[in-house]
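Asks: Sharing a structure with you now.
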Amino acid sequence: MGSLLREIQERRAKRALDTRKVPEDVVRRIMAAATWAPSCFNNQPWRFIVIESEKALDTVKGYLADGNYWAQKSPFIVLAVTENELDCRLSDTRNYALFDVGLAVESLVLQAVKEGLVAHPIAGFKPVPIKKVLGIPGKYTLITLVILGYPGDESHLNEKHLELEHSERDRKPMEEVVMFNSWTLERPDNQD
Ligand SMILES: Cc1cc2nc3c(=O)[nH]c(=O)nc-3n(C[C@H](O)[C@H](O)[C@H](O)COP(=O)(O)O)c2cc1C
């Protein structure tokens, strides 16, 4: 197996975090990895806010969904922000801002895993108050929070999350999502 695939598979959405601070040089390498992602016309539409002070962490953690209780332990959270006007908007609904932010976030996540961290993107948070309190302009989309930290003990995880921490990985079979040379999956009725 190619080594990159092994490393990609090593990443998983773990939840058992330690509160230990992440050193600044590690933070900087992780953020550098994000900024080296490709983007349409090299527009680099991503904007990141690194949350690492006690005050900023407390603020952001106040707006997590209840199910994301495990993220309260994180010493380092990255907010990913963008806006359609920052990137290519091309024919046939191709708006590339969110796509390019996704590429950057995956680079960030993989570098974090390589540094021995857990890196877990979430959508379970209240974007409007977080934007307001951190001064993010209203028209920007706060698309994800990446919860980071060194692996920690599992005693605070609920039963479901404890099981997920060690469960088999779950992916659709390749045949359901990958086609070769033409569209060979079912097509919705009345579609061109
Ligand atoms: C956009 C996005 C939003 C997610 N939101 C949450 C979340 O709010 N809470 C959570 O515990 N996990 C969240 N996850 C993690 C996914 O549940 C997880 O990636 C998925 O179940 C696959 O598991 P794996 O990453 O370990 O392979 C999110 C992942 C992504 C990419």
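The values are calculated or read from the model by the stated rules, or taken from the named source; none is laboratory data. From a predicted model like this one, the values you see are computed outputs, not experimental measurements. When we count neighbours, we look across all protein chains shown, and the Cβ atoms used for this are built from the backbone with ideal geometry, even at glycine.
Listed here are the residues, each with its yes/no results for (1) out of contact with any helix residue (DSSP H, G or I) (no Cβ under 6 Å at 6 or more places or on another chain); (2) within 23 Å of His166 (Cα to Cα).
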residue: Ser3; (1), (2): yes, yes
residue: Arg12; (1), (2): yes, yes
residue: Val22; (1), (2): yes, no
residue: Ala32; (1), (2): yes, no
residue: Arg47; (1), (2): yes, no
residue: Asp58; (1), (2): yes, no
residue: Lys61; (1), (2): no, no
residue: Lys73; (1), (2): yes, yes
residue: Leu79; (1), (2): yes, no
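One line per residue, one yes/no per condition, for (1) more than 16 Å from the chain's Cα centre (by Cα); (2) surrounded by 16 or more Cβ atoms within 10 Å (Cβ to Cβ):
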position: Leu4; (1), (2): yes, no
position: Gln9; (1), (2): no, no
position: Glu24; (1), (2): yes, no
position: Val27; (1), (2): no, yes
position: Phe41; (1), (2): yes, no
position: Pro45; (1), (2): no, yes
position: Phe76; (1), (2): no, yes
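Asks: Right, next: From the residues in region 137-165 that are under 24 Å from Ser107 (Cα atoms) and away from the ligand (no atom under 11 Å from the Cβ), which one is surrounded by the most Cβ atoms within 10 Å (Cβ to Cβ)?
Replies: Per the stated criteria, the residue is Leu148.
Asks: Right, next: Determine whether Val105 is surrounded by 13 or more Cβ atoms within 10 Å (Cβ to Cβ), outside any strand (DSSP E or B) and away from the ligand (no atom under 11 Å from the Cβ).
Replies: no
Asks: Scan region 111-131 for residues that are within 12 Å of the ligand (Cβ to nearest atom), closer than 16 Å to Thr144 by Cβ and aliphatic (A, V, I, L, M) and jot them down.
Replies: The answer is Val118, Ala119, Ile122, Ala123.
Asks: Then there is this: In this structure, is Asp170 outside any helix (DSSP H, G or I) and within 11 Å of the ligand (Cβ to nearest atom)?
Replies: Answer is yes for this residue.
Asks: Test Asp87 against the criterion of being of a type in the set (Asp, Glu), touching a Phe, Trp or Tyr at 6+ places or on another chain (Cβ under 6 Å), surrounded by 15 or more Cβ atoms within 10 Å (Cβ to Cβ) and modelled with pLDDT of 95 or more, and give yes or no.
Replies: Yes; evaluated as a whole, the condition is true for this residue.
Asks: Looking at (1) in a helix (DSSP H, G or I); (2) over 24 Å from Thr35 (Cβ atoms); (3) over 18 Å from the mean Cα position of the chain (by Cα), find the lone condition where Gly138 falls short.
Replies: Failing condition for Gly138: (1).
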